[in-house]
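In what follows, a structure is listed as C-alpha coordinates, so that the remarks can point back to it.
The values are calculated or read from the model by the stated rules, or taken from the named source; none is laboratory data. All values reported here derive from a predicted model rather than from experimental measurement. Cβ atoms come from the backbone with ideal geometry, glycine included; neighbour counts cover every protein chain shown.
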Amino acid sequence: MPIDLRSDTITLPTDGMRKAMYKAELGDDVIKEDPTVNELQEYSAALLGKEAALFMPSGTMANLTAIMSHTKERGCEIIAGAGSHIFLNEAGGYAHIAGVSIRTINDTEGFLNQNEMLSAIRDPDNIHHPRTKLICMENTHNTCGGTVIPLEKLRQLTAQTNIPCHLDGARIFNAAAYLDVQPSSISVFFDSVMFCLSKGLCAPVGSVLTGSREFIDTAVRIRKMLGGGMRQAGVLAAAGLVALKTMRQRLVSDHETARMIAEGICDIKGISLDLETVQTNMVRFSVDNASVFNEKLKEHGLLAYAIGSRYIRLVTHRHIDKKSAREAISIIASAAREL
(Lines give C-alpha, C1' and ligand atoms only; values in the text may rest on other atoms or scores of the structure.)
Protein backbone atom coordinates (compact mmCIF):
# COMPACT_ATOMS: atom_id res chain seq x y z
CA MET A 1 0.00 0.00 0.00
CA PRO A 2 1.33 3.47 -0.84
CA ILE A 3 1.81 6.10 1.83
CA ASP A 4 -1.05 8.51 1.14
CA LEU A 5 -0.26 12.11 2.04
CA ARG A 6 -2.49 13.74 -0.56
CA SER A 7 -4.99 15.03 1.99
CA ASP A 8 -6.62 14.33 5.35
CA THR A 9 -9.86 13.87 3.40
CA ILE A 10 -8.82 10.29 2.68
CA THR A 11 -9.20 9.31 6.35
CA LEU A 12 -11.59 6.49 7.19
CA PRO A 13 -14.10 6.52 10.05
CA THR A 14 -13.16 4.87 13.34
CA ASP A 15 -14.88 1.78 14.70
CA GLY A 16 -16.63 4.05 17.20
CA MET A 17 -18.06 6.12 14.37
CA ARG A 18 -19.30 3.06 12.51
CA LYS A 19 -21.03 1.75 15.64
CA ALA A 20 -22.60 5.12 16.31
CA MET A 21 -23.88 5.30 12.73
CA TYR A 22 -25.44 1.86 13.05
CA LYS A 23 -27.20 2.69 16.31
CA ALA A 24 -28.15 6.31 15.58
CA GLU A 25 -31.63 7.54 16.43
CA LEU A 26 -33.16 8.81 13.20
CA GLY A 27 -35.91 11.11 11.99
CA ASP A 28 -36.63 13.48 9.10
CA ASP A 29 -34.09 16.27 9.36
CA VAL A 30 -35.80 18.43 6.71
CA ILE A 31 -38.60 18.95 9.22
CA LYS A 32 -36.04 19.12 12.06
CA GLU A 33 -37.04 15.79 13.58
CA ASP A 34 -33.76 13.89 13.44
CA PRO A 35 -32.58 13.78 17.08
CA THR A 36 -28.98 12.92 16.19
CA VAL A 37 -28.67 15.82 13.74
CA ASN A 38 -30.20 18.12 16.32
CA GLU A 39 -27.69 16.94 18.92
CA LEU A 40 -24.78 17.49 16.53
CA GLN A 41 -25.98 21.00 15.73
CA GLU A 42 -26.47 21.94 19.37
CA TYR A 43 -23.07 20.52 20.33
CA SER A 44 -21.36 22.33 17.43
CA ALA A 45 -22.96 25.67 18.26
CA ALA A 46 -21.90 25.40 21.90
CA LEU A 47 -18.38 24.34 20.95
CA LEU A 48 -17.90 27.43 18.80
CA GLY A 49 -19.83 29.78 21.05
CA LYS A 50 -22.56 30.47 18.49
CA GLU A 51 -26.34 30.54 18.86
CA ALA A 52 -27.08 27.88 16.26
CA ALA A 53 -25.57 25.47 13.75
CA LEU A 54 -26.58 23.59 10.61
CA PHE A 55 -25.34 20.20 9.43
CA MET A 56 -24.23 20.39 5.78
CA PRO A 57 -23.25 17.74 3.23
CA SER A 58 -19.96 19.48 2.42
CA GLY A 59 -17.75 22.42 3.24
CA THR A 60 -18.20 23.82 -0.27
CA MET A 61 -21.97 23.91 0.16
CA ALA A 62 -21.57 25.38 3.64
CA ASN A 63 -19.38 28.22 2.37
CA LEU A 64 -21.76 28.92 -0.52
CA THR A 65 -24.73 28.89 1.85
CA ALA A 66 -22.91 31.34 4.13
CA ILE A 67 -22.19 33.67 1.22
CA MET A 68 -25.81 33.61 0.09
CA SER A 69 -27.14 34.02 3.63
CA HIS A 70 -24.98 37.08 4.26
CA THR A 71 -25.27 38.83 0.90
CA LYS A 72 -28.98 38.28 0.17
CA GLU A 73 -28.73 39.96 -3.23
CA ARG A 74 -27.14 39.34 -6.60
CA GLY A 75 -24.59 41.76 -7.98
CA CYS A 76 -22.86 42.59 -4.72
CA GLU A 77 -19.25 41.80 -3.86
CA ILE A 78 -17.35 39.79 -1.29
CA ILE A 79 -13.69 40.06 -0.29
CA ALA A 80 -11.49 36.96 -0.06
CA GLY A 81 -7.84 36.00 -0.33
CA ALA A 82 -6.36 35.36 -3.77
CA GLY A 83 -5.25 31.96 -2.49
CA SER A 84 -8.45 31.11 -0.65
CA HIS A 85 -10.34 27.86 -1.08
CA ILE A 86 -13.58 29.78 -1.73
CA PHE A 87 -11.97 31.58 -4.67
CA LEU A 88 -9.81 28.80 -6.12
CA ASN A 89 -11.42 25.48 -5.31
CA GLU A 90 -15.19 25.75 -5.07
CA ALA A 91 -16.06 25.75 -8.77
CA GLY A 92 -17.02 29.42 -8.92
CA GLY A 93 -20.26 28.85 -7.04
CA TYR A 94 -20.08 32.36 -5.60
CA ALA A 95 -20.54 33.71 -9.16
CA HIS A 96 -22.66 31.08 -10.86
CA ILE A 97 -25.10 30.37 -8.04
CA ALA A 98 -24.83 33.21 -5.52
CA GLY A 99 -24.44 35.83 -8.25
CA VAL A 100 -21.74 37.79 -6.46
CA SER A 101 -18.24 38.85 -7.47
CA ILE A 102 -15.07 38.40 -5.45
CA ARG A 103 -12.50 41.08 -4.91
CA THR A 104 -9.32 39.16 -4.16
CA ILE A 105 -6.50 40.54 -2.07
CA ASN A 106 -3.07 39.34 -1.02
CA ASP A 107 -3.01 36.47 1.48
CA THR A 108 0.44 35.02 0.84
CA GLU A 109 1.29 35.23 4.55
CA GLY A 110 -1.72 33.06 5.40
CA PHE A 111 -4.04 35.93 6.23
CA LEU A 112 -5.55 38.93 4.46
CA ASN A 113 -3.35 41.98 4.09
CA GLN A 114 -5.04 44.43 6.43
CA ASN A 115 -4.45 47.61 4.43
CA GLU A 116 -5.56 45.96 1.21
CA MET A 117 -8.66 44.58 2.91
CA LEU A 118 -9.75 47.96 4.21
CA SER A 119 -9.00 49.62 0.86
CA ALA A 120 -11.04 46.99 -0.96
CA ILE A 121 -14.27 47.83 0.86
CA ARG A 122 -16.44 49.74 -1.59
CA ASP A 123 -18.09 53.09 -0.99
CA PRO A 124 -21.76 52.05 -0.56
CA ASP A 125 -22.94 55.39 -1.97
CA ASN A 126 -21.04 55.02 -5.26
CA ILE A 127 -23.61 53.70 -7.73
CA HIS A 128 -20.88 52.53 -10.11
CA HIS A 129 -19.52 49.96 -7.69
CA PRO A 130 -20.93 46.75 -6.28
CA ARG A 131 -21.61 46.88 -2.56
CA THR A 132 -19.24 45.00 -0.28
CA LYS A 133 -21.38 42.59 1.72
CA LEU A 134 -18.97 40.03 3.20
CA ILE A 135 -15.32 39.41 4.08
CA CYS A 136 -14.15 35.78 3.96
CA MET A 137 -11.07 34.43 5.71
CA GLU A 138 -9.53 30.98 6.02
CA ASN A 139 -7.94 29.36 9.09
CA THR A 140 -5.93 27.19 8.74
CA HIS A 141 -4.88 28.44 5.31
CA ASN A 142 -4.92 25.60 2.80
CA THR A 143 -2.83 27.14 -0.01
CA CYS A 144 -0.17 28.48 2.36
CA GLY A 145 0.44 25.04 3.80
CA GLY A 146 -1.76 24.87 6.87
CA THR A 147 -0.60 28.10 8.51
CA VAL A 148 -2.61 29.58 11.38
CA ILE A 149 -3.77 33.17 11.83
CA PRO A 150 -2.64 34.50 15.23
CA LEU A 151 -5.48 35.65 17.50
CA GLU A 152 -4.15 39.21 17.63
CA LYS A 153 -4.13 39.36 13.82
CA LEU A 154 -7.73 38.11 13.75
CA ARG A 155 -8.66 40.82 16.21
CA GLN A 156 -7.00 43.48 14.06
CA LEU A 157 -8.58 42.25 10.83
CA THR A 158 -12.13 42.05 12.13
CA ALA A 159 -12.21 45.04 14.49
CA GLN A 160 -11.85 47.80 11.89
CA THR A 161 -14.93 47.13 9.78
CA ASN A 162 -18.64 46.63 10.24
CA ILE A 163 -18.78 44.32 7.21
CA PRO A 164 -19.84 40.79 8.26
CA CYS A 165 -16.97 38.29 8.38
CA HIS A 166 -17.20 34.58 7.53
CA LEU A 167 -14.54 32.02 8.40
CA ASP A 168 -13.81 29.05 6.20
CA GLY A 169 -12.65 27.08 9.21
CA ALA A 170 -12.47 23.71 7.49
CA ARG A 171 -9.55 22.89 9.80
CA ILE A 172 -10.34 25.28 12.67
CA PHE A 173 -9.64 22.52 15.19
CA ASN A 174 -6.09 22.20 13.84
CA ALA A 175 -5.73 25.94 14.30
CA ALA A 176 -7.08 25.73 17.85
CA ALA A 177 -4.70 22.86 18.65
CA TYR A 178 -1.73 24.83 17.33
CA LEU A 179 -2.69 27.93 19.34
CA ASP A 180 -3.62 25.78 22.36
CA VAL A 181 -6.99 27.52 22.70
CA GLN A 182 -10.63 26.52 22.52
CA PRO A 183 -12.14 26.85 19.01
CA SER A 184 -14.51 29.50 20.37
CA SER A 185 -11.45 31.74 20.92
CA ILE A 186 -11.13 31.83 17.11
CA SER A 187 -14.80 31.82 16.13
CA VAL A 188 -15.61 34.77 18.40
CA PHE A 189 -14.20 37.13 15.78
CA PHE A 190 -16.59 35.96 13.04
CA ASP A 191 -20.28 36.29 12.27
CA SER A 192 -20.33 32.79 10.82
CA VAL A 193 -17.94 29.84 10.81
CA MET A 194 -17.86 26.65 8.76
CA PHE A 195 -15.86 23.60 9.82
CA CYS A 196 -15.36 20.16 8.30
CA LEU A 197 -15.93 16.85 10.03
CA SER A 198 -14.45 14.80 7.20
CA LYS A 199 -10.80 15.89 7.25
CA GLY A 200 -8.51 15.33 10.23
CA LEU A 201 -11.50 14.48 12.42
CA CYS A 202 -12.05 11.41 10.20
CA ALA A 203 -15.84 11.44 9.87
CA PRO A 204 -16.93 10.05 6.49
CA VAL A 205 -19.15 12.97 5.41
CA GLY A 206 -20.19 16.41 6.45
CA SER A 207 -19.49 19.93 7.59
CA VAL A 208 -21.21 22.30 10.00
CA LEU A 209 -22.13 25.95 9.53
CA THR A 210 -22.51 28.07 12.67
CA GLY A 211 -23.75 31.57 13.41
CA SER A 212 -26.61 33.53 14.91
CA ARG A 213 -30.06 31.97 15.06
CA GLU A 214 -31.33 34.42 12.46
CA PHE A 215 -28.42 33.60 10.15
CA ILE A 216 -28.99 29.85 10.47
CA ASP A 217 -32.74 30.28 9.84
CA THR A 218 -31.81 31.86 6.51
CA ALA A 219 -29.20 29.18 5.85
CA VAL A 220 -31.75 26.37 6.35
CA ARG A 221 -33.84 27.70 3.47
CA ILE A 222 -30.80 28.13 1.21
CA ARG A 223 -29.52 24.64 2.03
CA LYS A 224 -32.89 23.27 0.94
CA MET A 225 -32.77 25.27 -2.30
CA LEU A 226 -29.27 23.96 -3.06
CA GLY A 227 -30.41 20.36 -2.58
CA GLY A 228 -28.70 19.88 0.76
CA GLY A 229 -31.78 18.95 2.75
CA MET A 230 -31.25 15.35 3.83
CA ARG A 231 -33.82 13.09 5.50
CA GLN A 232 -32.54 10.52 8.02
CA ALA A 233 -29.23 12.34 8.14
CA GLY A 234 -28.55 11.22 11.70
CA VAL A 235 -26.76 8.17 10.32
CA LEU A 236 -24.07 10.64 9.15
CA ALA A 237 -24.37 13.11 12.02
CA ALA A 238 -23.65 10.30 14.50
CA ALA A 239 -20.15 9.92 13.07
CA GLY A 240 -19.72 13.69 13.28
CA LEU A 241 -20.56 13.67 16.97
CA VAL A 242 -17.99 10.97 17.67
CA ALA A 243 -15.47 12.94 15.61
CA LEU A 244 -15.98 16.11 17.62
CA LYS A 245 -15.95 14.34 20.97
CA THR A 246 -13.01 11.98 20.44
CA MET A 247 -10.81 13.11 17.54
CA ARG A 248 -10.00 16.76 18.22
CA GLN A 249 -7.55 15.85 20.97
CA ARG A 250 -5.33 13.76 18.68
CA LEU A 251 -4.72 16.45 16.03
CA VAL A 252 -1.51 17.47 17.79
CA SER A 253 -0.09 14.06 16.79
CA ASP A 254 -0.66 14.92 13.14
CA HIS A 255 1.13 18.22 13.66
CA GLU A 256 4.10 16.43 15.22
CA THR A 257 4.27 13.97 12.33
CA ALA A 258 4.19 16.81 9.80
CA ARG A 259 6.99 18.56 11.66
CA MET A 260 9.01 15.35 11.69
CA ILE A 261 8.70 15.04 7.90
CA ALA A 262 9.51 18.70 7.36
CA GLU A 263 12.66 18.58 9.47
CA GLY A 264 13.68 15.37 7.71
CA ILE A 265 13.54 16.86 4.20
CA CYS A 266 14.33 20.57 4.66
CA ASP A 267 18.05 20.15 3.92
CA ILE A 268 17.63 17.89 0.88
CA LYS A 269 19.22 19.38 -2.23
CA GLY A 270 16.59 20.57 -4.71
CA ILE A 271 13.94 21.15 -2.05
CA SER A 272 13.09 24.55 -0.60
CA LEU A 273 11.03 24.51 2.59
CA ASP A 274 10.33 27.20 5.20
CA LEU A 275 10.00 25.38 8.53
CA GLU A 276 8.12 28.33 10.03
CA THR A 277 5.16 27.52 7.78
CA VAL A 278 4.87 23.97 9.15
CA GLN A 279 2.45 24.75 11.96
CA THR A 280 -0.27 22.12 11.67
CA ASN A 281 -0.66 18.97 9.58
CA MET A 282 0.65 20.24 6.24
CA VAL A 283 4.12 20.38 4.71
CA ARG A 284 4.51 22.49 1.58
CA PHE A 285 7.83 22.63 -0.26
CA SER A 286 8.97 23.87 -3.63
CA VAL A 287 10.86 22.00 -6.34
CA ASP A 288 11.84 22.77 -9.92
CA ASN A 289 9.03 20.78 -11.54
CA ALA A 290 6.22 19.75 -9.20
CA SER A 291 4.39 17.45 -11.62
CA VAL A 292 7.53 15.49 -12.48
CA PHE A 293 8.60 15.31 -8.83
CA ASN A 294 5.11 14.15 -7.85
CA GLU A 295 5.18 11.37 -10.41
CA LYS A 296 8.56 10.24 -9.11
CA LEU A 297 7.16 10.10 -5.56
CA LYS A 298 4.27 8.00 -6.84
CA GLU A 299 6.67 5.55 -8.50
CA HIS A 300 8.31 5.05 -5.10
CA GLY A 301 5.02 4.54 -3.27
CA LEU A 302 4.27 8.00 -1.90
CA LEU A 303 1.10 9.86 -2.90
CA ALA A 304 1.35 13.64 -2.61
CA TYR A 305 -0.39 16.66 -4.13
CA ALA A 306 1.21 19.01 -6.65
CA ILE A 307 0.15 22.65 -6.44
CA GLY A 308 0.85 24.44 -9.70
CA SER A 309 4.29 24.02 -11.24
CA ARG A 310 6.38 24.58 -8.10
CA TYR A 311 4.87 23.19 -4.94
CA ILE A 312 4.32 19.77 -3.40
CA ARG A 313 1.94 19.48 -0.45
CA LEU A 314 1.90 16.67 2.10
CA VAL A 315 -0.92 16.31 4.63
CA THR A 316 -0.63 14.09 7.69
CA HIS A 317 -3.57 12.35 9.36
CA ARG A 318 -4.37 9.50 11.72
CA HIS A 319 -3.35 6.81 9.21
CA ILE A 320 0.20 8.21 9.09
CA ASP A 321 2.36 7.08 11.99
CA LYS A 322 6.02 7.78 12.73
CA LYS A 323 7.12 4.73 10.72
CA SER A 324 5.22 6.00 7.67
CA ALA A 325 6.76 9.42 8.19
CA ARG A 326 10.28 7.99 8.17
CA GLU A 327 9.49 6.06 4.98
CA ALA A 328 8.11 9.24 3.40
CA ILE A 329 11.33 11.12 4.22
CA SER A 330 13.38 8.34 2.60
CA ILE A 331 11.22 8.33 -0.53
CA ILE A 332 11.40 12.11 -0.92
CA ALA A 333 15.19 12.00 -0.54
CA SER A 334 15.42 9.27 -3.20
CA ALA A 335 13.19 11.17 -5.59
CA ALA A 336 15.26 14.32 -5.15
CA ARG A 337 18.50 12.42 -5.86
CA GLU A 338 17.09 10.82 -8.97
CA LEU A 339 15.91 14.15 -10.35
- line: Exactly one of Asp107, Asp123 is acidic (Asp, Glu) and crowded, with 16+ Cβ neighbours inside 10 Å, and that one is Asp107
query: Looking at segment 48-78, which of its residues are aliphatic (A, V, I, L, M) and either in contact with a Leu (Cβ under 8 Å, 6 or more places away or on another chain) or more than 14 Å from Ala95 (Cβ to Cβ) (or both)?
result: Leu48, Ala52, Ala53, Leu54, Met56, Met61, Ala62, Leu64, Ala66, Ile67, Ile78
field: Single residue of Lys72, Lys50 found to be among the basic types (Lys, Arg), in contact (Cβ under 8 Å) with a residue 24 or more places away in the chain and within 30 Å of Val242 (Cα to Cα)
entry: Lys50
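Only one of these is touching a Gly at 6+ places or on another chain (Cβ under 8 Å) and more than 19 Å from Ala98 (Cβ to Cβ): Val252, Val208. Name it.
Working: Val252 fails: touching a Gly at 6+ places or on another chain (Cβ under 8 Å).
Step by step, each of Val252, Val208 is checked, and only Val208 is touching a Gly at 6+ places or on another chain (Cβ under 8 Å) and more than 19 Å from Ala98 (Cβ to Cβ).
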message: I need the full set of residues from segment 7-24 which are out of contact with any Gly (no Cβ under 6 Å at 6 or more places or on another chain) and either under 13 Å from Gly234 (Cα atoms) or free of Cβ contacts under 8 Å to residues at least 60 places away in the same chain (or both), in order please.
response: Asp15, Met17, Arg18, Lys19, Ala20, Met21, Tyr22, Lys23
- request: Inspect all residues belonging to segment 261-268 and state whether any of them is part of a loop (DSSP other than H, G, I, E, B), among the aliphatic types (A, V, I, L, M) and within 22 Å of the chain's Cα centre (by Cα).
  value: no
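What about Thr36, is it buried (at least 21 other Cβ atoms within 10 Å of the Cβ), among the hydroxyl-bearing types (Ser, Thr, Tyr), more than 19 Å from the chain's Cα centre (by Cα) and farther than 28 Å from Ser101 by Cβ?
Working: buried (at least 21 other Cβ atoms within 10 Å of the Cβ): yes; among the hydroxyl-bearing types (Ser, Thr, Tyr): yes; more than 19 Å from the chain's Cα centre (by Cα): yes; farther than 28 Å from Ser101 by Cβ: yes.
Answer is yes for this residue.
May I ask you to list the residues in segment 297-330 that are assigned to a helix (DSSP H, G or I), of a type outside the set (Gly, Ala, Ser) and surrounded by fewer than 21 Cβ atoms within 10 Å (Cβ to Cβ)?
From segment 297-330, those assigned to a helix (DSSP H, G or I) are 297-299, 322-330; that's our starting set.
Of the ones still in play, those that are also of a type outside the set (Gly, Ala, Ser) are 297-299, 322-323, 326-327, 329.
Across segment 297-330, the qualifying residues are Lys298, Glu299, Lys322, Lys323, Arg326, Glu327, Ile329.
Please work out if Arg223 is assigned by TED's automatic domain parsing to the domain that holds Ala176, surrounded by 14 or more Cβ atoms within 10 Å (Cβ to Cβ) and within 21 Å of the chain's Cα centre (by Cα). Don't jump to the end; show me each part of the working.
On the way: assigned by TED's automatic domain parsing to the domain that holds Ala176: yes; surrounded by 14 or more Cβ atoms within 10 Å (Cβ to Cβ): yes; within 21 Å of the chain's Cα centre (by Cα): yes.
The answer is yes for Arg223.
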- request: Can you work out which of the residues in segment 51-73 that are part of a loop (DSSP other than H, G, I, E, B) and modelled with pLDDT of 95 or more is surrounded by the fewest Cβ atoms within 10 Å (Cβ to Cβ)?
  value: Glu51
query: Give me the pairs: first residue in segment 174-189 and within 10 Å of Thr280 (Cβ to Cβ) and in the same structural domain as Gly49 (by TED's automatic domain parsing), second residue buried (at least 24 other Cβ atoms within 10 Å of the Cβ) and of a type in the set (Ser, Thr, Tyr), beta-carbon distance under 8 Å, and six or more apart or on different chains, which are they?
result: Asn174/Thr140; Asn174/Thr280; Ala175/Thr140; Ala175/Thr280; Ala177/Thr280; Tyr178/Thr140; Tyr178/Thr280
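Restricting attention to segment 157-171, does a residue exist that is under 21 Å from Leu201 (Cα atoms), surrounded by 24 or more Cβ atoms within 10 Å (Cβ to Cβ), in the same structural domain as Lys50 (by TED's automatic domain parsing) and in contact with a helix residue (DSSP H, G or I) (Cβ under 6 Å, 6 or more places away or on another chain)?
Taking segment 157-171 first, the residues under 21 Å from Leu201 (Cα atoms) are 167-171.
With the extra rule that they be surrounded by 24 or more Cβ atoms within 10 Å (Cβ to Cβ), the set shrinks to 167-171.
Subsequent filtering for residues that are in the same structural domain as Lys50 (by TED's automatic domain parsing) retains 167-171.
Subsequent filtering for residues that are in contact with a helix residue (DSSP H, G or I) (Cβ under 6 Å, 6 or more places away or on another chain) retains 168, 170.
Within segment 157-171 (the criterion being under 21 Å from Leu201 (Cα atoms), surrounded by 24 or more Cβ atoms within 10 Å (Cβ to Cβ), in the same structural domain as Lys50 (by TED's automatic domain parsing) and in contact with a helix residue (DSSP H, G or I) (Cβ under 6 Å, 6 or more places away or on another chain)), the answer is yes, since at least one residue qualifies.
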statement: Selection from segment 204-255 of residues of a type in the set (Val, Ile, Thr), under 27 Å from Asp15 (Cα atoms) and not in a helix (DSSP H, G or I) yields Val205, Val208
